[in-house]
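Notes follow once the structure below has been shown.
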Amino acid sequence: MTAAQTLVAGANEEAQYLEDLIRHGHLLPSGEPGIYGRGVVFEHVRTSLDALITRVCAPDHPETPRFPPVIPKRTLEKAGYLTSFPQLCGVVYSFCGNDASAIEIAERAERGDDWSRHLSPTGVTLVPAACYPCYPAVALRGPLPKGGITLDLGGCYVFRNEPSQDPARLQMFHQREMVRIGPPDEVHSWRETWIRRARGIFETTGLDATIAPASDPFFGRKGKLLANNQREQGLKFEALIQIASERPTAVSSFNLHHEHFGSAFGIQQHDGTVAHSSCVGFGLERITLALFRTHGIDVRDWPGQVRRQLFPEDTPPGE
Ligand code: ZN
């Protein structure tokens, strides 16, 4: 096949898989690509996966704070998100005009015309990565206890502006993130522990995942250098699984930030030095989609060992 034929075949596979998911009630279309409701069985698998990660995480005895899916714009700026992903960012806009423009906006909406010019940006953006809200919150508490802290932030909805027909590329999805903030050596070994744990999660759920070094898509002239540095220093690893696309999809990432967030948000260790951090993220919908793709669209057909691992105490709906 030529490269163009391969692309078309990949797009057909994605469209076919999306159609299967919708026909079986796993994804509920909204009319906008990448924005779907989740059916009962899909949601049961996703929350069971979430619970499996909670069981794997238990030995860390993490704190479990929760944050809303919007953050102050300033947090996004400080985190450095705009250096790597300005194209994925979602800012919340709202109306703050006068009576006349309020009437005009309603009329334009009624006609199906563009009404966005009447809106102005608010102070918040949609959360693009579940760990961002925790850094300013941790900094506010003052210096860390000796040995640092571990957080389990749960499965938070995050937003990425990347409309696509690939069901594994959603605009809004749950990212399950765990974060370790503290001394460099402990942060590093925690990240290595999670790479091992993730291998175990994928193996026991029958998913063929490869964990490989990765880099973020930095922009501009310095971008290539930054991306190469990230790879050479082993700062980012991703777990990749073949879902419906031609190329494997990243379902999970394991990141070392060194002092990046510690110095951006002013997080100190107990001795006053800047804290290091690491985060581990699982894309819950992507892994759920990989499970349906690998084991079949009907949960009742899944191998017993996979079902026991995911649903240890109950039976999935439909049985
Ligand atoms: Zn993170």
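The values are calculated or read from the model by the stated rules, or taken from the named source; none is laboratory data. What you are looking at is a predicted structure, and each value in this text was computed from that prediction instead of being measured. Here the Cβ is made from the backbone with ideal geometry for all residues, glycine too, and neighbour counts use every protein chain on show. For the accessible areas, the whole protein counts, side chains as well, though only heavy atoms, and no ligand, DNA or RNA atoms are used. Shrake-Rupley method; radii C 1.70, N 1.55, O 1.52, S 1.80 Å.
Taken over the stretch 234-249, the criterion of being in a strand (DSSP E or B), open to solvent by 40 Å² or more (accessible area, probe 1.4 Å) and in contact with a helix residue (DSSP H, G or I) (Cβ under 8 Å, 6 or more places away or on another chain) is satisfied by F237 alone.
For residues that are open to solvent by 80 Å² or more (accessible area, probe 1.4 Å) and without any contact (Cβ under 8 Å) to a residue 60 or more places away in the chain, tally how many sit in the stretch 83-118. Residues meeting the conditions: 11. Of everything in the stretch 281-291 that is hydrophobic (A, V, I, L, M, F, W, C) and not in a strand (DSSP E or B), the residue that is nearest to the ligand (Cβ to nearest atom) is L284.
Taking the stated definitions as given, is P163 modelled with pLDDT under 90 and either open to solvent by less than 60 Å² (accessible area, probe 1.4 Å) or within 20 Å of the chain's Cα centre (by Cα) (or both)?
Numbers: modelled with pLDDT under 90: no; either open to solvent by less than 60 Å² (accessible area, probe 1.4 Å) or within 20 Å of the chain's Cα centre (by Cα) (or both): yes.
When the stated conditions are applied, P163 does not pass them.
When the stretch 130-175 is filtered for residues that are in contact with a Cys (Cβ under 8 Å, 6 or more places away or on another chain) and within 15 Å of the ligand (Cβ to nearest atom), the ones remaining, listed by number, are A130, C131, L151, D152, L153, H174, Q175. Would the stretch 272-280 turn up any residue that is open to solvent by less than 50 Å² (accessible area, probe 1.4 Å), in contact with a strand residue (DSSP E or B) (Cβ under 7 Å, 6 or more places away or on another chain), within 16 Å of the ligand (Cβ to nearest atom) and β-branched (V, I, T)? Yes, the conditions are met somewhere in the stretch 272-280. Scanning the stretch 181-200 for residues that are in contact with a strand residue (DSSP E or B) (Cβ under 8 Å, 6 or more places away or on another chain) and in a helix (DSSP H, G or I) yields P184, E186, V187, H188, W190, R191, W194, I195, A198, R199. The numbered conditions (1) more than 13 Å from F254 (Cβ to Cβ); (2) open to solvent by less than 40 Å² (accessible area, probe 1.4 Å) are all true for L126 except (2). Within the option set N229, N255, being within 16 Å of the ligand (Cβ to nearest atom), touching a Leu at 6+ places or on another chain (Cβ under 9 Å) and under 29 Å from V138 (Cα atoms) holds for one residue only, N255. Answer with yes or no whether P33 is assigned to a loop (DSSP other than H, G, I, E, B) and in contact with a strand residue (DSSP E or B) (Cβ under 7 Å, 6 or more places away or on another chain). Here the answer is no, as P33 does not meet what is asked.
Given the criteria within 16 Å of the ligand (Cβ to nearest atom), modelled with pLDDT of 95 or more and more than 21 Å from F85 (Cα to Cα), does I267 qualify? Give the steps one after another, and end with the answer.
Working: within 16 Å of the ligand (Cβ to nearest atom): yes; modelled with pLDDT of 95 or more: yes; more than 21 Å from F85 (Cα to Cα): yes.
Judged against the criteria, I267 is a match.
Go over the candidates L76, L88, L126 one by one and state the one that is touching a Lys or Arg at 6+ places or on another chain (Cβ under 6 Å), under 30 Å from Q230 (Cβ atoms) and within 16 Å of the ligand (Cβ to nearest atom).
Working: L76 fails: touching a Lys or Arg at 6+ places or on another chain (Cβ under 6 Å); L126 fails: touching a Lys or Arg at 6+ places or on another chain (Cβ under 6 Å).
On inspection, the qualifying residue turns out to be L88.
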